[in-house]
Amino acid sequence: MTARTASEIAAGVRSGTLAAAEVLEQHLDRIAAREGEVHAFNLVMTDQARRDAAAVDAAVAAGHDPGPLAGVPLALKDNMCTRGIETTCSSKILEGWKPPYDATVVTRLAAAGAVVVGKTNLDEFAMGSSTENSAFGPTRNPLDITRVPGGSSGGSAAAVAAGFASVSLGSDTGGSIRQPAALCGVVGVKPTYGYVSRYGLVAFASSLDQIGPFTNTVHDAALLLDVIGGHDPMDSTSIPDQHPSLLDAIRRDVVGLRVGRITDLPDGADPDVTERLEAAFDALREAGAKIVDVQVPAFGYGLTAYYLIAPSEASSNLARYDGVRYGLRVERPDTNAMYSATRAAGFGDEVKRRIMLGTYALSAGYYDAYYGKALKVRRLIADDFDRAYEHADVLLTPTAPTVAFPFGSKTDNPLAMYLCDVYTIPTNLAGHPGMSVPFGTGQHGLPVGVQVLAATLGEPTMFRAAAALERAMS
Ligand code: GLN
């Protein structure tokens, strides 16, 4: 496998020493060899990718610069709209639906010269932590095909880990970029809420959803975020400020950086995972950072609050799939019967569970006790983080409590599955950035990720710490 990073590919293509078409064929060859067992994609866009790569090469030949991602093969989670190309969210209810427009990230990637190779598999509507909830069958972890790749962006994580794409995009509502990145041994970033436009991202829980990259290196993640980040008038929650360059940020060392250890973090991580976290603290200390103890007392309530807030928003967002406007329609003599037959046939079990949970939490008489209470907890979590960030520039935690687990080991127990995100969810509730960096291996030689967290718009500092961790491993 040619170990070329996206940065190297783009530099080679822009200088004319590497052909985008050749880079693409290498990735298509790897897809041909292993996609049958991995199932990272819902759709491989071979013809369009070949046309796009040829256009990049033609631009270079004509003396034009195709952009900072020139010729970089990229995979998109199949919940991001692509004009005229099926966008399924791995749900039967959207089967056959072709969006009439591109997501803002897709437009920006194209303008930067990236080549989209396909749309990746996910847990239906991004609800899950293993990609076993896809209506089209699970994705397998390329490092051990008897195990899950994590989720919900399992296809995007697997595509990068298997070398099917140099980089990919996922979405993270409660951990769906960071957890699969950890389980597949790649870098995954959930930016500050509003850092990347959500225009054209199919909504799960709108106050939590963010798009972010999967890459092989911290440098590539900075490169990608510099391209897709920034204000978009089409997303009213998009942050209006100009973001500082993350490629510049990672050039700085971590001397004097205050790295926080959360002393009241919920238990539950396996010993092999906590061992790697300790090694990460040691590595940053050796690189000149200062380790400080902080408390985030409400951290442990994140999971409970999330499983009221996210399903509540989902129950509202998913009301639009009614058999009239999108995809599937199961015909019945009257409209109400058509609605319910369509939704009964179109949604999978986990999506139905979330819709019911959310509808219940929002219903009259229960709203204050459940949804309203969860919003108060959300506020407490954000306040606790703010206090911690008075003493620390970044915080380190495990990304996931365990390494990649075998298929079927959590499918009968939704709560066990939900616990996969105990360390990632609080960040989404606070709107803060977080990223997972591969930091060695644990049980069965499988990868372990360390999570770096920072305050709102703390991406430059977060990336500096992540780059130092990566250097310590090389
Ligand atoms: N696993 C969590 C859930 O099922 C998070 C999903 C996500 O971030 N999209 O809701």
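Any read-out appearing in this document is the output of simple, stated calculations on the displayed coordinates, not a laboratory observation. No experiment lies behind these values; they were computed from the predicted model shown. Counting neighbours? That spans all protein chains shown, and the Cβs are built from the backbone with ideal geometry, glycine included.
Taking 7 Å along the Cα-to-C-beta vector as the label spot, tell me the Glu275-Ile291 distance in nanometres, rounded to one decimal.
So the label points at Glu275 and Ile291 sit 1.6 nm apart.
Sorted by average packing, counted as other Cβ atoms within 10 angstrom per residue and highest first, what order do 145-158, 207-220 take?
145-158, 207-220
Subtract the Cα-Cα distance of His64 and Lys352 from 0.36 nm times their separation in residues, and report this length gain in nm to one decimal.
Residue separation times 0.36 nm, minus the Cα-Cα distance, leaves 98.7 nm.
Can you tell me, using C-alpha contacts under 8 Å and at least 6 residues apart, the relative contact order of region 334-474 as a whole percent?
Relative contact order for region 334-474 comes out at 22 percent.
Rank by packing, highest mean first: peptides 38-49, 335-346, with packing defined as the count of other Cβ atoms within 10 Å averaged across residues.
Output ranking for 38-49, 335-346: 38-49, 335-346.
May I ask which residue of Leu277, Gly12, Thr104 lies farthest towards the positive end of the charge dipole of the chain, with charges of +1 (Lys, Arg) and -1 (Asp, Glu) on Cβ and the Cα centre as origin?
Highest projection toward the positive end goes to Thr104.
Multiply the residue separation of Asp368 and His231 by 0.36 nm, subtract the distance between their alpha-carbon atoms, and state the gained length in nm to one decimal.
45.9 nm
Which aspartates and glutamates, on any chain, are close to Lys290 with Cα under 16 Å apart, when same-chain ones fewer than 8 places away are left out?
Asp253, Glu278, Asp282, Glu390, Asp393
Charges at C-beta only: +1 for Lys and Arg, -1 for Asp and Glu. How large is the resulting dipole of the chain about its Cα centre, in Debye rounded to 20?
The calculated dipole for the chain is roughly 560 debye.
Whole-Hz Karplus ³J(HN,Hα) for region 177-190, in order, using 6.51 cos²θ - 1.76 cosθ + 1.60 and θ = phi - 60°, x for Gly and Pro?
Per-residue couplings from phi come out as 9, 5, 5, x, 4, 4, 6, 9, x, 10, 7, x, 10, 10 Hz.
I need the phi-derived Karplus couplings for region 152-168: 6.51 cos²θ - 1.76 cosθ + 1.60, θ = phi - 60°, integer Hz, Gly and Pro marked x.
Karplus values, whole Hz, x for Gly and Pro: 7, 8, x, x, 5, 5, 5, 4, 6, 5, 8, x, 6, 9, 6, 9, 8.
How long is the gain from Thr441 to Lys98 if the chain were fully straight, where each residue apart is worth 0.36 nm and the alpha carbon distance is subtracted?
Length difference between fully extended and current span is 119.4 nm.
For region 329-374 and region 385-417, what is the separation of their Cα centres, given in Å?
Rounded to whole Å, the Cα centres lie 28 Å apart.
Could you state the number of Å between the C-alpha centres of region 1-49 and region 120-138?
One Cα centre to the other: 24 Å.
Which of the three applies to region 181-236, rounded, prolate or oblate, going by the alpha-carbon gyration tensor with a ≥ b ≥ c and a/c under 1.5 meaning rounded?
Since a/c reaches 1.5 but b/c is at least a/b, the shape of region 181-236 is classed as oblate.
If the cut-off is a Cα-Cα distance under 24 Å, which lysines reach Lys190, setting aside same-chain residues fewer than 8 apart in sequence?
Qualifying lysines at Cα under 24 Å: Lys77, Lys119, Lys376.
Along the charge dipole of the chain, which of Gln443, Asn141, Ser130 sits closest to the positive end, that is, farthest toward it, with unit charges on the beta carbon of Lys, Arg, Asp and Glu (+1, +1, -1, -1)?
Of the candidates, Ser130 comes out farthest on the positive side.
With only Lys, Arg, Asp and Glu charged, each at its Cβ (+1 for the first two, -1 for the last two), find how big the charge dipole of region 99-183 is about the Cα centre; round to the nearest 20 debye.
About 180 debye.
What number comes out for the charge environment of Arg198, summing +1 per Lys or Arg and -1 per Asp or Glu over other residues with Cβ under 12 Å away?
Net of charged neighbours comes to -4.
Convert 20 °C to kelvin, take the viscosity as 1.002 mPa s, use the Kirkwood radius over C-alpha pairs of region 1-135 as Rh, and evaluate the Stokes-Einstein diffusion coefficient in µm²/s, rounded to a whole number.
138 µm²/s
Starting from the coordinates of the alpha-carbon atoms of the chain, obtain the Kirkwood hydrodynamic radius over all distinct pairs and give the value in Å to one decimal.
22.1 Å
Along the positive direction of the dipole of the chain (beta-carbon charges: Lys, Arg +1; Asp, Glu -1; about the Cα centre), which of Ala159, Met80, Ile93 reaches farthest?
Ile93
Using helices alone, what [θ] at 222 nm do you get for the chain, with -39,500 (n - 2.57) per DSSP H run of 4 or more residues, divided over all residues and rounded to the nearest 500?
That comes out to -12000 deg cm²/dmol.
Under the definition of Cα pairs under 8 Å and six or more residues apart, what whole-number percent is the relative contact order of region 431-474?
41 percent
Quick one: which residues, 5 or more positions from Lys290 or on another chain, have an amide H under 5 Å from its amide H? H modelled 1.01 Å from N in the peptide plane, none for Pro or chain starts.
Answer set, sorted by chain and number: Gly256, Leu257, Arg258, Val259.
Please say if region 318-369 is rounded, prolate or oblate, where rounded means a/c under 1.5 for a ≥ b ≥ c the square roots of the C-alpha gyration tensor eigenvalues, and otherwise the choice is prolate for a/b larger than b/c and oblate otherwise?
Prolate, since a/c reaches 1.5 and a/b exceeds b/c.
If I take R0 = 35 Å and measure r between the Cβ atoms of Thr335 and Thr46 in this structure, what FRET efficiency does the formula 1/(1 + (r/R0)^6) give, to the nearest 0.05?
Computed FRET efficiency for Thr335 and Thr46: 0.30.
Using the Cα centre as the reference, give the magnitude of the dipole from point charges on the C-beta atoms of region 339-422 (Lys, Arg: +1; Asp, Glu: -1; all else neutral), rounded to the nearest 20 debye.
Computed about the Cα centre, the dipole is about 420 debye.
Take the Cα pairs of region 391-474, get the Kirkwood Rh, then feed it into Stokes-Einstein at 25 °C and 0.890 mPa s and tell me D in µm²/s.
175 µm²/s
Pairs of alpha-carbon atoms within less than 8 angstrom and 6+ residues apart define the contacts here; what relative contact order does region 150-232 have, in percent?
Rounded, it is 32 percent for region 150-232.
For region 180-222 and region 155-170, what is the separation of their Cα centres, given in Å?
Here the answer is 13 Å between Cα centres.
From zero up to wherever the largest Cα-Cα distance of region 134-219 sits, split into 5 Å bins and tell me the percent of pairs in each.
3, 17, 27, 24, 17, 9, 3, 0
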